[in-house]
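*Asks:* Take this structure, written in structure tokens, and hold onto it; I'll ask about it next.
The values are calculated or read from the model by the stated rules, or taken from the named source; none is laboratory data. Computed from a prediction, not measured in an experiment: that's the story for all the values here. Cβ placement follows ideal geometry from the backbone for every residue including glycine, while neighbour counts extend to all protein chains displayed.
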Amino acid sequence: MTPTPTAPRYKAEELIDYAAALFAAAGCDGDKPRTIAAGLVEADLLGHTTHGLQLAGTYLGELESGAMAARGEPEVVANRGAAVTWDGRRLPGVWLAAKAVDLACDRTPTFGTATVVIRRSHHVGCLAAFLQRATDRGLMITIASSDPAVATVAPYGGRTAVYTPDPLAVGIPTDADPILIDISASITTNGMAGRLRREGKRFPAVWALDAAGNPTDDPNAPFANPPGTLLPVGGTDHGHKGYGLALMVEALTQGLGGFGRSQMPTQWGGSVFVQVLDPSAFGGSAEFARETGWLATACRASAPVPGGEPVRLPGERGLARKRRALAEGVEVYPGILDALAPLAAKYNVNPPRPLS
């Protein structure tokens with residue numbers, strides 16, 4: 001029996017160097033190239049391969065066209081210490097979000113909590129990739145994002161798209177590994193729908209509606225003419241739950257930022273909400289870790305359903321994948337580095353070599 005070939009693996013740091021060199025060659029200034037590159041590779045490390053290096057080529061195209069700004073700083077719209085609003089000025093969203101998380105973390109010792117909202121950011125990538133910037137410091141973090149220029153999800157009971165998948169991520173420190181939650185208000189993401197469509201595959205279940213409002217497992221539905229929509233979390237049965245979650249995310253991102261769908265923007269981008277909580281300002285850091293640690297242990301100890309696997313915590317598999325990738329190399333999803341090869345040649349950047 002012929003063994004199944006294994007995909008090539010790459011050193012994480014070399015992938016970061018490669019992507020950083022591409023973004024620097026595309027004109028990004030300061031720490032932007034490396035911050036963007038590290039954020040994308042972090043997504044791949046955690047297994048979020050639709051929002052990792054797969055986005056690099058698209059981002060580079062946006063830089064080339066001028067749709068993504070390569071240089072400069074965000075504009076401060078409001079600053080009350082614990083509450084900050086930025087106009088992102090269409091700067092790279094991965095860089096803006098990382099900068100916002102770090103600022104919020106730095107201000108929690110003073111205020112106990114800090115919130116940063118960003119309007120007119122470019123796309124921010126994978127929200128889970130930012131969580132350990134806070135949890136490694138013993139802080140709890142919530143991040144949400146939406147795109148006021150895009151609509152692929154219909155409200156529950158409707159068949160006309162109104163909003164985006166509206167992801168929400170939460171990082172919770174414990175007495176061991178953090179809990180890393182990354183979910184969206186829709187059953188799946190635009191990125192996953194696009195990947196399945198390109199690969200000629202179907203959704204594993206009814207995850208969308210066609211233009212007539214009929215449930216379907218066809219990932220082409222949201223891209224058809226006229227387009228269908230992705231279903232909210234809960235699907236045709238309990239989709240009111242995903243609908244409610246989306247309304248909250250839209251309010252936290254576009255409502256608080258003061259810029260959203262009512263302005264009818266046309267450029268792909270993002271509105272972002274970041275909030276960091278310091279447990280020491282509430283019931284105490286040790287007490288927080290004790291409670292979250294107990295809960296994590298109890299969840300893992302819950303008896304699995306018949307024939308099921310042991311209960312895992314959100315982020316557990318991703319952290320295990322990350323540890324393995326850092327030790328043995330990152331397995332990049334097929335086709336991603338091939339798609340970047342023409343850009344590497346254009347910018348005279350040497351691609352990384354796979355590990356032998």
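*Asks:* Please verify whether the range 219-230 includes one or more residues that are surrounded by 13 or more Cβ atoms within 10 Å (Cβ to Cβ), among the hydroxyl-bearing types (S, T, Y) and touching a Lys or Arg at 6+ places or on another chain (Cβ under 8 Å).
*Replies:* yes
*Asks:* Determine which single condition R290 fails, assuming it passes every other condition in (1) closer than 28 Å to G66 by Cβ; (2) surrounded by 14 or more Cβ atoms within 10 Å (Cβ to Cβ).
*Replies:* The number of the failed condition is (1).
*Asks:* Starting from residues that are surrounded by fewer than 21 Cβ atoms within 10 Å (Cβ to Cβ) and hydrophobic (A, V, I, L, M, F, W, C), keep the ones in the range 246-255 and report whichever is nearest to T115 (Cα to Cα).
*Replies:* Taking the candidates together, the pick is A251.
*Asks:* Right, something else. Being small (G, A, S), in a helix (DSSP H, G or I) and within 21 Å of the chain's Cα centre (by Cα) is true for just one of A320, A341, A298, A286. Which residue is that?
*Replies:* Within the list A320, A341, A298, A286, the selection yields A320.
*Asks:* Restricting attention to the range 61-96, which residues are among the β-branched types (V, I, T) and within 16 Å of G125 (Cα to Cα)?
*Replies:* V94
*Asks:* Quick one: E309 ticks every box in (1) assigned to a loop (DSSP other than H, G, I, E, B); (2) closer than 30 Å to F111 by Cα; (3) among the acidic types (D, E) except a single one, so which number is it?
*Replies:* Unmet for E309, out of (1) assigned to a loop (DSSP other than H, G, I, E, B); (2) closer than 30 Å to F111 by Cα; (3) among the acidic types (D, E): (2).
*Asks:* Considering only the range 11-28, I want to know if a residue exists there that is small (G, A, S) and farther than 22 Å from P342 by Cα.
*Replies:* no
*Asks:* Condition first: more than 17 Å from A38 (Cβ to Cβ) and at pLDDT 95 or above. Now tell me which residues in the range 324-336 satisfy that.
*Replies:* Within the range 324-336, R324, A327, E328 qualify.
*Asks:* Out of all the residues in the range 119-131, which are in contact with a Lys or Arg (Cβ under 9 Å, 6 or more places away or on another chain) and either assigned to a loop (DSSP other than H, G, I, E, B) or not basic (K, R) (or both)?
*Replies:* Across the range 119-131, the qualifying residues are S121, H122.
*Asks:* I'd like the full set of residues that are assigned to a helix (DSSP H, G or I) and surrounded by fewer than 16 Cβ atoms within 10 Å (Cβ to Cβ), limited to the range 257-279.
*Replies:* S262, Q263
*Asks:* Cβ contacts < 6 Å: first residue touching a residue at least 60 places away in the same chain (Cβ under 8 Å) and closer than 11 Å to A211 by Cα, restricted to the range 221-236; second residue among the aliphatic types (A, V, I, L, M) and part of a helix (DSSP H, G or I), any location; separation 6+ or different chain. Result?
*Replies:* P222/A193; G228/A221
*Asks:* Just to check your reading of the model, which residue among D217, D182, D210 is in contact with a Cys (Cβ under 9 Å, 6 or more places away or on another chain) and of a type outside the set (F, W, Y)?
*Replies:* From the options D217, D182, D210, the qualifying one is D182.
*Asks:* Moving on. Do we have any residue at all in the range 299-309 that's among the acidic types (D, E) and farther than 27 Å from V150 by Cα?
*Replies:* Checked against the condition, which is being among the acidic types (D, E) and farther than 27 Å from V150 by Cα, the range 299-309 yields at least one hit.
*Asks:* Of all residues in the range 324-341, which are touching a helix residue (DSSP H, G or I) at 6+ places or on another chain (Cβ under 9 Å) and either loosely packed, with under 13 Cβ neighbours inside 10 Å or more than 29 Å from A20 (Cβ to Cβ) (or both)?
*Replies:* Answer for the range 324-341, where residues must be touching a helix residue (DSSP H, G or I) at 6+ places or on another chain (Cβ under 9 Å) and either loosely packed, with under 13 Cβ neighbours inside 10 Å or more than 29 Å from A20 (Cβ to Cβ) (or both): just G335.
*Asks:* Could you list, in sequence order, the residues of the range 133-171 that are buried (at least 24 other Cβ atoms within 10 Å of the Cβ), over 26 Å from P215 (Cα atoms) and among the aliphatic types (A, V, I, L, M)?
*Replies:* Once the filter is applied, which keeps residues that are buried (at least 24 other Cβ atoms within 10 Å of the Cβ), over 26 Å from P215 (Cα atoms) and among the aliphatic types (A, V, I, L, M), the range 133-171 yields A134, L139, I141, I143, A144.
*Asks:* For the range 326-356, enumerate the residues that are more than 24 Å from L196 (Cα to Cα) and in contact with an Asp or Glu (Cβ under 7 Å, 6 or more places away or on another chain).
*Replies:* The answer is P352, and nothing else.
*Asks:* I need every pair where a residue in the range 173-191 that is within 22 Å of I141 (Cβ to Cβ) has its Cβ under 7 Å from the Cβ of a residue that is of a type in the set (D, E, K, R) and outside any helix (DSSP H, G or I), sequence separation at least 6 or different chains.
*Replies:* S184/D166; A185/D166
*Asks:* Right, here's the next one. All but one of (1) in contact with a helix residue (DSSP H, G or I) (Cβ under 7 Å, 6 or more places away or on another chain); (2) under 30 Å from G66 (Cβ atoms) hold for M264; state the number of the condition that does not hold.
*Replies:* The number of the failed condition is (1).
*Asks:* Give me the pairs: first residue in the range 104-115 and within 14 Å of I143 (Cβ to Cβ), second residue in a helix (DSSP H, G or I) and among the charged types (D, E, K, R), beta-carbon distance under 6 Å, and six or more apart or on different chains, which are they?
*Replies:* Here the result reads A114/R107, each pair linking the range 104-115 to a residue that is in a helix (DSSP H, G or I) and among the charged types (D, E, K, R).
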